[in-house]
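Read the structure below first, then the notes.
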Amino acid sequence: MAYKSNKLSMDEFNKIRKEVLASWPTGKDVDIQSGIDFHKSLPEHRVFAKKLEKAKNEGVTLIQPRAGVAMLDKHIKLLQYLEKYGEADLLPSTIDSYTRQNRYQEAEDAIKEEREKNLERSLLNGFPALNWGVEACRKVIDSVNVPVQVRHGTPDARLLTEICYAGGFTSYEGGGISYNVPYAKSVTLERTLTDWIYVDRLTGLYEEAGVTINREPYGPLTGTLVPPCISNAVAVFEALLAAEQGCKSITVGYGQCGNLYQDIAAIRSLMKMTEEYLHKYGFNDVVVTSVFHQWMGGFPQDEAKAFGVISWGAATAALAGATKVIVKTPHEAMGIPTMEANAQGLRATKQVCSMLDCEVMANTAEIQAEIDVIDAETKCIVDSCLEIGKDNFFDAVVAGFEAGLIDVPFAPSKYNKGAALPARDNTGCIRFLDFGNLPFTEEIKNFHRAKMEERAKFEGRPVSFKMVIDDVYAISRGKLIGRPE
């Protein structure tokens, strides 16, 4: 069946753009040509896509934190601290929750209150880049000597993207699936996919003008026992949707599950599947890199134990050959970390990655077996969705979620079936306890059933939902597998 493109025409884009830029006062300061000129003035070592491609070619794993506070001067101070004392290779501007929900006035009110009261602690859990506007964003970019990315969680990120791109950010996280299904309850996939087509088309316009802005789908999804094939299938679709609009630098992500062999296999399968599907549809000039997210679930409150979790994630990322790793902090169980704690997590990760910079684990029999399983599962999901979507990426995603062919565990979205249920097997790999409507072969299903029965026999209890509950809390209690007490 012939591939049907959803590439946004310039007439459609400009019609939408007029409304987007008029939706908040800082939109009037956006000028694409000025943004292009600013991007072209940046040296290569401050451009995300360039640094990622260099790291990929050299086999280096870069480190990046999450970070963001409300006030411009304090945000700059935070990033400079993490660059200097955290030894960060890449930096973020994590956006506040009001902006993520398009509640710009409430973000504005928080900025005003914090300024007037001269508060020490930020009233926002991130940097409200949209409220600060283009010139302030450029001050952030110019304040550090490494590339800076926007990280957020916004179903409708169109205006935020316009301001951040014109402001000089060289990488942008998110997608129409990964910033909807794990984050929102009642937003349709049709809505977010449409809004993110705009984001990716804007990225494509910068690309056409000679400016590459890296795009990164959000890999961990809900961050809770997500089987690799689910997050990998979502990443493949978001990569296809981005490439369709003209994006040329795409970083696909994966959240650590905990079993070394499965995590290494998942990253390698992710790269392989993403490139395979991009090439299948003619997107042969896209540079694909990978990001490994350190453990996204519950953390120990004890800082020493938290460093153990962080270091395990660092080692796995390096041994897997991930292009970059997103770093957690020893305050993960206690809320927003201090900049000192954030820097400590970075330095611990840097130490481990540096020690392993000459070691990438070969595909042992165990790793290759996991790659084969994840490849097969991912292909089942992606191909089934493409079949009912008639090779239209947009329609494939919408129809796939509606039919439960893609099903993200523990997601709040009412447009996600929520029928597939994961749990760990006896070695800590994440398997399926219930398949829901996932389009697996009987061979794949029998593989998972056997793995869960093996654990049940070892623990002397039946396969049940209690295993899922135990696994969710296991790492915060010092174990990988939730064994019965």
Check your understanding: If you take the charge dipole of the chain about its Cα centre, with +1 on Lys and Arg Cβ and -1 on Asp and Glu Cβ, which of M467, S354, T154 is farthest toward its positive end?
Key -> M467
Exercise for review: Taking the dipole about the Cα centre of the chain, with the C-beta of Lys and Arg at +1 and of Asp and Glu at -1, give me whichever of S231, Q33, P409 is farthest to the positive side.
Suggested key: P409
Point to revise | For the range 250-288 versus the range 292-354, the gap between their alpha-carbon centres in whole angstrom | key: 22
**Study point:** Translational diffusion coefficient (Stokes-Einstein; Kirkwood radius from C-alpha pairs) of the range 160-263 at 4 °C, 1.567 mPa s, in µm²/s
**Key:** 91
Revision key, fill the gap. Toy charge model, Lys and Arg Cβ at +1, Asp and Glu Cβ at -1: the chain dipole around Cα centroid in debye, rounded to 20, equals 580
Point to revise | Hydrodynamic radius by Kirkwood, which averages 1/r over all alpha carbon pairs of the range 238-396, in angstrom | key: 17.1
**Study point:** Rg/Rg_ref, the range 303-359, where Rg_ref = 2.2 N^0.38 Å and atoms are Cα
**Key:** 1.09
Check your understanding: Considering only the chain, what is the antiparallel percent among its DSSP beta bridges, to the nearest 5?
Key -> 15
Exercise for review: Can you grab the distance from the C-alpha centre of the range 112-143 to the C-alpha centre of the range 378-420, Å, no decimals?
Suggested key: 38
**Study point:** Answer label, with Kirkwood radius over Cα pairs in Å calculated from the coordinates and candidates (1) 22.6; (2) 23.4; (3) 25.2
**Key:** (1)
Exercise for review: Which order do the peptides 477-484, 164-171, 456-463 take when ranked by the mean count of other beta-carbon atoms within 10 Å per residue, highest first?
Suggested key: 164-171, 477-484, 456-463
Revision key, fill the gap. For the chain, whose charge dipole is built from +1 on Lys and Arg Cβ atoms and -1 on Asp and Glu Cβ atoms, the candidate among G176, G297, Q262 with its Cα farthest towards the positive end is G297
Check your understanding: Mind checking Rg over Rh on the range 383-485, alpha carbons, Kirkwood formula for Rh?
Key -> 1.06
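Return the calculated 222 nm mean residue ellipticity for the chain, to the nearest 500 deg cm²/dmol, obtained by summing -39500 (n - 2.57) across DSSP H runs with n ≥ 4 and dividing by the residue count.
Roughly -16000 deg cm²/dmol at 222 nm, from the helical runs in the chain.
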Practice item. Would you mind telling me the share, in percent, of accessible area of the range 1-116 contributed by carbon and sulfur at probe 1.4 angstrom? Key: 49
Study note, to complete from the structure: The summed charge of the D142 Cβ neighbourhood (under 11 Å; Lys/Arg +1, Asp/Glu -1) stands at +2
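Multiply the residue gap between D11 and E485 by 0.36 nm, knock off their C-alpha separation, and tell me the result in nm, one decimal place.
Answer, rounded to one decimal: 164.4 nm.
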Point to revise | HN-Hα J in Hz across the range 324-332 - Karplus 6.51, -1.76, 1.60, θ = phi - 60°, x for Gly and Pro | key: 8, 10, 8, 9, 8, 10, x, 9, 4
Review point. Where the Cα atoms of the range 442-485 are projected onto their three principal axes, how long is each span, largest first, in whole Å?
Key: 35, 19, 15
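The values are calculated or read from the model by the stated rules, or taken from the named source; none is laboratory data. These figures come from a predicted structure and were not determined experimentally. Cβ sites come from the backbone with ideal geometry, for glycine too, and all protein chains shown count toward neighbours. Accessible surface areas use protein heavy atoms only, side chains included; no ligands, DNA or RNA. Shrake-Rupley method; radii C 1.70, N 1.55, O 1.52, S 1.80 Å.
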